[in-house]
Amino acid sequence: MSNMKENISNQKETKLSYTLVMLLIGIFFLIPAIGVFLTSFRTDTEISLHGVWAISGNVTLDNYLNIWHSESVRIYMRNSFLVAIPATIISVALGTLVGYVLAKLRPKGSNFLTLFFVSGLFIPPQILLIPLFQLFNKIHLYDTLWPMIIVHSGYGLSLCSLVMKNFFKNVPDELIEAAIVDGASEPGVLARIVLPLSRPALGALATLQFTFIWNDFLYPLILARSESAQTVMVGILNMAGQYSTAYGAQAALSIFASLPTIFVFLVFQKQFIAGLTTGAVKG
């Protein structure tokens, strides 16, 4: 009896320790976000005089009003959507098809094919910057949105293929075989049986992919020169004042730019959590 009480006490202490650790980690990541949020309501003059963290009663919405009426911000946001949405759809769709083929159809050389598709996860993006720049410049796609869509679709394919293959492995073969016996084709099995079961994995992948692509800074910086092809992450960098950095405008645009990813998470929240709990996003 005493051992049982001791085990329960140890479990409670362990849970409390985990909770405290996670709370500290959460606070650690929230502090910069709080600083950005407070900065977005202050003028650049006040920030220069008193610093970012100075407590002040002077609150202004000018930064938000300026970016709301800015034509450049509209272009940045539009470009981000035009890159993130197609690239997310393409990578998730192709990754689903590849994952199903590797997990259920198991063609000859499936192990090699798995390694081929997953190999993109082991290639640092920085290595490909110069070759991709030269390639897209040679085929006259540089300074357009197409390079970013193509690159993110390719990189996303690796992650999506791995995730969906692992998920499809957990789908019973008997279920698929029964559907085929009843006269269903492979595409019909995938569309009517497997995909409905895959909603948690698809929701988690769509959320992750959209967030990764939306927040990307490196490729838009290198593959786009003009404002007409730059995304919102580069746009934040471009929000510079005449004589000093426009911290207030940058902070306001940062908050504004985070809203689409928050919205996507809220829309796919149930699927995202279900995907995590069922192991859908395990590497």
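No lab work stands behind these numbers, since they all come straight from the coordinates. Computed from a predicted model, the values in this text were never measured in an experiment. Positions of Cβ are backbone-derived with ideal geometry, glycine not excepted, and every protein chain shown enters the neighbour counts.
Numbers for the structure displayed
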read-out	value
Centre separation in Å (Cα based) which lies between region 103-141 and region 146-214	19
Net charge contributed by nearby residues that have their C-beta within less than 15 Å of residue 40 (K/R +1, D/E -1)	-2
Ranked list, fewest to most other Cβ atoms within 10 Å of each Cβ, for 225, 78	225, 78
64, 76 arranged by Cβ crowding within 10 Å, fewest neighbours leading	64, 76
Net charge contributed by nearby residues that have their C-beta within less than 11 Å of residue 100 (K/R +1, D/E -1)	+3
Cβ-derived FRET efficiency at R0 51 Å, residue 181 paired with residue 146, nearest 0.05	0.70
Sorted by Cβ density within 10 Å, fewest first, the residues 68, 146, 214	68, 146, 214
Rg(Cα)/(2.2 N^0.38 Å) for the chain, N = residue count	1.26
Unit charges at the beta carbon, dipole of the chain: most positive-side option, 258, 123, 224	123
Using a Förster distance of 25 Å, the FRET efficiency for residue 265-residue 111 (Cβ separation, nearest 0.05)	0.10
Signed unit charges on C-beta, dipole axis of the chain, positive-most listed residue 41, 166, 181	181
The chain - charge dipole about Cα centre, Lys and Arg +1 at Cβ, Asp and Glu -1, debye rounded to 20	540
Chain lengthening between residue 37 and residue 227 when straightened (0.36 nm per residue, less Cα-Cα)	65.8 nm
